[in-house]
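The values are calculated or read from the model by the stated rules, or taken from the named source; none is laboratory data. Just so it is clear, the model here is predicted, and its values are computed rather than measured. Heads up: the accessible areas ignore ligands, DNA and RNA and are worked out on the full protein's heavy atoms, side chains in. Shrake-Rupley method; radii C 1.70, N 1.55, O 1.52, S 1.80 Å.
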Amino acid sequence: MIRRNFPLLRLTPEAAGKLQHDYDRAIAKLAQLEREHTELQNQIRTQCGAQTLWKLRTDTRNAVLLVDLKKEAA
């Protein structure tokens, strides 16, 4: 038997409906952003070349890591 150290979350039907609605909107927005991101990558690859896209991804990843490192150090 699994023992729970925390109480279960109880929602009213209205709160559960609002939460489900917000979740559905967030998932739809995420799917839209993923499609736009993929198309943007395709456009960059077509217009600038695969090497430029690869360098842009690397530079972006490094910039994000640097920001995280600065936040952690502060």
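For the stretch 23-74, treating each Cα as an identical point scatterer without solvent, what Debye log10 I(q)/I(0) comes out at q = 0.24, 0.25, 0.30 1/Å?
The calculated log intensity ratios at q = 0.24, 0.25, 0.30 Å⁻¹ are -0.86, -0.87, -0.98.
If you roll a 1.4 Å probe over the chain with all protein chains in place, what percent of the accessible area is carbon or sulfur?
Details: 4390 of 7230 Å².
The value for the chain is 61 percent carbon and sulfur by accessible area.
Rounded to the nearest 10 degrees, what's the angle between the helix 13-48 long axis and the longest principal axis of the chain, both from Cα atoms, 0 to 90?
10 degrees
Can you work out the accessible area per residue across the chain, with the rest of the protein chains kept in place, probe 1.4 Å, in square angstrom?
98 Å²
How far is helix 50-73 tilted, in degrees, relative to the longest principal axis of the Cα atoms in the chain, given as a value from 0 to 90 rounded to the nearest 10?
Rounded to the nearest ten degrees, it is 50.
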